Each structure stands twice: as structure tokens, then as C-alpha cells.
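Here's the structure, in C-alpha cells; my notes come after.
Only the coordinates and a few stated rules stand behind these numbers; no lab work does. Model, not experiment: these values are computed from the prediction. Cβ placement follows ideal geometry from the backbone for every residue including glycine, while neighbour counts extend to all protein chains displayed.
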Amino acid sequence: MKSLGLKLDADDIFSNVNPSLKDAICQFDGGCTGEMISPEGLLLTNHHCGFDAIQQLSSLENNYVENGYWAKDRAGELPAPGVTAMFISRMEDVTALALMGVTENMAENTRQAQVDKNLAQIRVNTKKEKWEDIQIRPFYNGNQYFLFITQTFKDVRFVGAPPSSIGKFGADTDNWVWPRHTGDFSVFRVYADSANHPAAYAPGNVPYRPKKFLAISLDGADEDDFTMVYGFPGATNEYLTEAAVRQTAEVLNPARVAVRDRALKIMDGFMRKDPAVKIAYIARQSSIANAWKKWLGEMQGLLKYKALDKKRDYEAEFTRRIEEKADWKYKYGNLLPRLRQLYKDIEPYALARDYYLEACVRNNQVLGLASGLNSWIESFEKNGEAFFTNKQKEATASLEAFYKDYHPAVDEAVFAGIVEIFGQNMREEWGGAFVKMAADKNGGYAGLASNLFKNSVLPSKEKMTALLAEKPAKIAETLKNDPAYVFWKTLQDNYAANVQPKLQELQPQINTLQRQYMAAQLEVFKEKRFFPDANSTLRLTYGKVDDYSPRDAVEYEERTYLEGIMEKYVPGDYEFDVPKKLIDLWQSKNYGQYADAEGRMPVAFIATNHTTGGNSGSPALDANGNLVGLNFDRVWEGTMSDLNYDPAICRNIMVDTRYILFIIDKFGGAGHLIKEMKLVKGQKKRKKK
């Protein structure tokens, strides 16, 4: 890192003892990253990371999604129920303790039982404060284990965000692509008790005082400058076999994309016609679209950049090396052939799993609701009336949240569209025949949807509210015989009987061999660096600001400017509208101290940092550890990086912090927030263009 320009020492970045950059970084809301940007708990993350909270706090009267919001003082900071900020207090390698008593010849279930026993003992023996928690995570497919002591703050309040026309500018059209002009950021504040420890929301809580917060650079980052991204990346699979990557690219991703493509087009049609539907569904639509477009890009990138060929060459070299050494050949000789056969065996079941999950759980709300209520519905006969009644309050609260943003007409149309895909592609004996027969009886999939939604209580808040006022026996009996529930349950039972057992049989075998293959790679390729796959733990990735050329005669520069927003501007458009105030600021060039040396307003930039989901909201830091950008996306050509990272083409996308400050101050009129921050300038020599 220092050879690329880093000016910090290792202890400045991470220390278990002294304040370091790691103390400014948190996992935001369980799936993104956030960072402290003031000594008073001010937290910066992406707009799309805070979007669920923003949407939940919005209404037609106070539409923070459309209009944005900036708290004028601490009293105006809005509690965001359920949102959390988790910090790492310390971490340590506990591999030796975790694998104590584990031998190479153990059966997988015996091995896992021994590991679980060891991990339980580690938790018992680990000293921590009462407000701290323990996490233990496997690395390198279970060949290494790390212990994390964490503290999770549950009083997080919404401070402000730009309107979606800035925070989501370009929406789905620009998602996963470059050039990008999205002000993808939002601001929250972490609150603590009087002792500065995590506490549930209380009016008397005070802003959290972090051990470390990030200074923000007004210099920005130029081409070839060192950058590093610090955060909580979710999951990568860099060390899979060619058979596994091929299955993802050629079999599973196309199925997932087909279901989501149909659902998104249907939702989009409703959202464009009705503002109320748009507010209700925009967060859901964004969540569904994010993975949909990522999978599309991943499929194309893996094909275009010959990932399968590279995997085959790598495996050929692995085979050549182990053939030359007797003990390696004995230990590892059958790994790749066995993995290839197992992926072939599991393929039809993995495909069936994805059709079931995408069509019957994830992308249709009423079937997802049936899935969520299933254990409660079945509990009446299994556990009796008392258990059922105890769970009723929990179910009622869940239903209240479900119906808040639910529109049955939208869901009915989505149901018809994606269940048709399920019926056409699922094997007859695994549920395909049942779905097609149901459609035929109702004159087609639209008729099936209409009949089911008309006769089910699940799509109706009024019917469900009335039902929940009945006695437990009546509630349980009604739900158990509800047509939407019966439809889902039939498919679920079919899946549980025919698909799940084979997955449960084959996947553990694959996991075992993948762990052994990972250990083999570490041993056989001693000269190679193996960065551990992401697993939602704190990680650092580094690189440099750089342009790229994805194909012949096409070259992308490394930075975008406010002028580019105006070039994309389409008045009244769903994705490319621009607030008048932003236009006025651009026309008057009223950029304040946030313009670059040429007087332009930078918006976003790209670099070679290897990022993935979970890195959303991660700080992009310069060589001095100052905040220069906010990570929010990857380029279309590089979405394959979860499986095949190529620094020649993979780029992460970041909002320039100068644009963030400009929007907060000049556009949002929240200069009081700027005063909390530490802005630095002149720490680097400007490069001549």
C-alpha cells in the first residue's frame, strides 16, 4: 500500500488498543457500511442504504423520498426504528482454538459439531463488557476463524438526505454503470446513553462520541492517486471452481433474471401511473432491481472477459503441480473431479430452488406473506392455543408493517406474471404441473391471480384485521384453508419433498470439498496472494483512481461533473429530473469552497478498489486517511468481480465528498452540519492535467 502512495502506518488503520480508522467505521443497518464524520456521532452512508428508513418515515404529506429532508437542529432528527450501527471493538485470530480436536479424516457433521463446541467454549471464555457482543466468523471456507467483539447502537436518527432526484438520479437506468452522476448519500446520527454506551431509543440519549471520526478532504482524488475503501463487504466467491462459476453464469443467473425482469416491468408500469404506488414501492423496486441488474452484468462480464477459460487454465496448473508431488496427489488428486460431478448432480435442484425462491417467496408479496406466516399457522395444532396466542401480537405487528405499503392490484399483476414463469420452467413433478393446471382451470394466469386474490384474506388489510379479532381456533382454521396460503403451501410442500432433500444431501458435500480445495490452493500456490472472501466482516481494499476501456474504441474518464447531470436532465422524467434549485446553483456556479481547482463541481469518480455488496456506504480514503468519496456501486463491466476480479476492468464508483458537502450546504441549507465536520485542504500536491 505504501508503494502505491499510502502515508499511514498499519496501526493508524487498525489497532485493537489505540484509536484508529477502524473506530470510525460501522456496519449500518446490518447490510451496508457507514462512517463517523463528526465528534458528535454524525454518520454518513449511501442514500440507498438509508432508503428504507427514509421511505418508512415518509408520507404524502411529508414526502422525504421526493423532497428530501434536513433537520434544522437535534430536535428535528427523526428516530429510525430498527436501524442499527455496529462497531468493532477488537478482533483476534482464534483458528487454533476453533479447530482444536479437528482431524482431516472426520466426517463433515462430526467436524462441524466439534467446531461448534469449540466456538461455544471460546464465547464462554472471552471477556467483554455487558454492552458488547461476540461474533466468530470463518475465513477461507472454514480453514481460519476470527473473533470480533462488537457494540451495536440501536438509537439511530435520520438527520437528512437529498431528494431522490439527486440521491437516486439515474435510478435503474444508470444503476451498475459508468459514467454516473448520483448523489447517493444520506446522513444519520448515532445516539448513546450518558456513559457513551449502546442503548435503546430514549429522549434523554445523547450523541455518540466516537473514538475516531474521519476528516473530509476538499482536495479530492486525482487520477493515479492512492485510495482505499474500508467497510463490511457481504460475500464474494473468488476461489470457486470453473464448474461452479459456469453454473452461476449459464444456469442460475438467467433464471433469477427472468423472474425479476417480469416483476420489475409490472411494478414500473403501476409506479409511473400513481404517485402513491411510487412512494409505497420505490424501496422494494430498488431492492429487486439491484440484484437483477447485477446478475445481468455478471453474466456478460464473465463471458466477455473469459472467466471460465481463466478458471480452466488455473485448474490445469493446479492439477499439473499436484501430479508432480506424491503427497499432494494423494491428498488433492480427486478434489476437482469430485467437485465437477457434484455440481453436475446439484444443478437441476439448484435451478428449482432459485425458481421457487424467486417466484414463490421473494418477488411476490402475498406468497412471501404466506411463507412468513406458515410457522404461526401450523403452530396451532402442534403447540396449542397458548403458543398461538403468544405469537399473535408478533404476527399482528408484522402484518401492520406489511400493509403499510401494500397495493393488492400491483401484487396481483406481479403474481400472474412470475407464477407463469414458474409454471413454464419448473419440472412437472416439482410443482410445474400443479401451477399449469391451476391456470388452466381459471382461464390463464391472470384469471388464476384474480380468483386467488379475490377469495383470499391475505391481500386485504380489512379482512385480516377482522379475522385477527376472532378466537385463535377460527384464525388458524381460516388461514390454513385460505386459497393463497393453500397455493403457496402446495408448492412449498412439493419443494420440501422433492428438491430440498437433495440440496441438503449434496450441498454439504460441496462445502466440504470447497474447504479442502481452498486449503489445497493455499498450499500449492505459495507464491500467490489469497485475500479471504468477503463475509460481512470489516475489510480494507486498496487501489488507485483510474480510467478504463471496456471495449474497442471506448474509453471512460475517471470523473464526472455537475455538467453531466444537466446533459442527462429530462424535465419530469422518472429517473432524470433535476430540482430547480440545483439548476440555479449550476447556472450561477455557486459552488462555494467545494469546487475543484478549475472551478468545476465534481460529482463522482472511479478507482480499482475491489468492492461488493455491503461496501455500499463505505468511505473512500486518500493516502492520509481523509474522506474523499463515498462508495456506492461498481461499473457494469466489472460486476463479475464477486467471482472474478480483474483490475484491468473492475472499477468501484464513489460520490465525491465535495459534491456531498455542496449538496448539504448549498442545496440543502444545512450548513450547521458542515460546522460539525473537520474539513482539510492542501495536504496533497495538485497534479497538472
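Where the centroid of each part is defined by its Cα atoms, how far is the stretch 181-245 from the stretch 5-34 in Å?
The stretch 181-245 and the stretch 5-34 have Cα centres spaced 9 Å from each other.
Output the Cα-based Rg and Dmax of the stretch 156-245 in Å, rounding Rg to one decimal and Dmax to a whole number.
Looking at the stretch 156-245, its Cα Rg and Dmax stand at 19.2, 56 Å.
Report the relative contact order of the chain, percent, no decimals, based on alpha-carbon pairs under 8 angstrom and at least 6 residues apart.
So the answer I get is 23 percent.
Which entries of Lys580/Lys675; Lys273/Lys666; Lys22/Lys128; Lys278/Lys441; Lys306/Lys526 show an alpha-carbon separation above 23 angstrom in the structure shown?
Table pairs above 23 Å Cα-Cα are Lys580/Lys675; Lys273/Lys666; Lys278/Lys441; Lys306/Lys526.
Please identify every one of the GluC sites (Glu not before Pro) in the stretch 52-93 that sits in a loop by DSSP and has no more than 13 other beta carbons within 10 Å of its own beta carbon. Each step should come with its number before you reach the end.
Working: sites: Glu61, Glu66, Glu77, Glu92; in loops: Glu61, Glu77.
Filter output for the stretch 52-93: Glu61.
I need the helices of the chain that pass two filters: whole DSSP H segments spanning 20 Å or more by Cα along the axis, and mean Kyte-Doolittle score no lower than 0.0.
Working: long enough: 108-125 (25 Å, -1.18); 253-273 (30 Å, -0.46); 275-304 (41 Å, -0.04); 307-323 (24 Å, -1.54); 335-357 (30 Å, -0.39); 365-404 (30 Å, -0.36); 408-425 (25 Å, 0.71); 483-498 (22 Å, -0.47); 500-524 (35 Å, -0.77).
Helices meeting the criterion: 408-425.
Need the list of aspartates and glutamates near Lys72 for cross-linking: C-alpha distance under 20 angstrom, and skip anything on the same chain fewer than eight residues off.
Partners found: Glu40, Glu61, Asp155, Asp665, Glu676.
Over the Cα atoms of the chain, Rg to Rh with Kirkwood Rh, two decimal places?
On the Cα set of the chain, Rg over Rh gives 0.96.
Among Ser618, Ser398, which comes first, second and so on when ranked by fewest other beta-carbon atoms within 10 Å?
By the 10 Å Cβ count, ascending: Ser398, Ser618.
I'd like the distance between the alpha-carbon centres of the stretch 58-84 and the stretch 573-632, rounded to an integer number of Å.
If you average the Cα positions of each part, the centres end up 22 Å apart.
Pick out, in residue order, every one of the trypsin sites (Lys or Arg not before Pro) in the stretch 390-481 that is DSSP loop and has at most 16 other C-beta atoms within 10 Å; say none if there are none.
Here the trypsin sites (Lys or Arg not before Pro) that fit, given the DSSP loop and packing criteria, are Arg427.
How large is the helix-only mean residue ellipticity at 222 nm for the chain, computed as the sum of -39500 (n - 2.57) over DSSP H runs with n ≥ 4, divided by its residue count, in deg cm²/dmol to the nearest 500?
That comes out to -14000 deg cm²/dmol.
Filter the trypsin sites (Lys or Arg not before Pro) in the stretch 79-139 to those in DSSP coil with at most 12 other Cβ atoms within 10 Å of their Cβ, and list the result.
Lys127, Lys130
Calculate the length of the line joining the C-alpha centroid of the stretch 642-667 to that of the stretch 396-440, in whole Å.
After rounding, the separation between the Cα centres reads 37 Å.
Which cysteines does the chain leave without a neighbouring Cys Cβ under 4.7 Å?
Cys26, Cys360, Cys650 - these cysteines have no disulfide-compatible partner (Cβ-Cβ under 4.7 Å) in the chain.
Output the relative contact order of the stretch 242-502, whole-number percent, from Cα pairs under 8 angstrom with separation of 6+ residues.
23
Kirkwood Rh, the stretch 17-216, all Cα pairs: how many Å?
So the Kirkwood estimate lands at 19.0 Å.
Please rank Arg320, Arg189, Arg340, fewest neighbouring Cβ atoms within 10 Å first, as an exposure proxy.
Fewest-to-most ranking of Arg320, Arg189, Arg340: Arg320, Arg340, Arg189.
Quick one: Glu420, Glu323, fewest Cβ neighbours within 10 Å first, how do they rank? Mind showing how you got there, number by number?
Working: Glu420 20, Glu323 12.
Fewest-to-most ranking of Glu420, Glu323: Glu323, Glu420.
Over 17 Å, how big is the tail of the calculated P(r) for the stretch 44-144, in percent of all Cα pairs?
68
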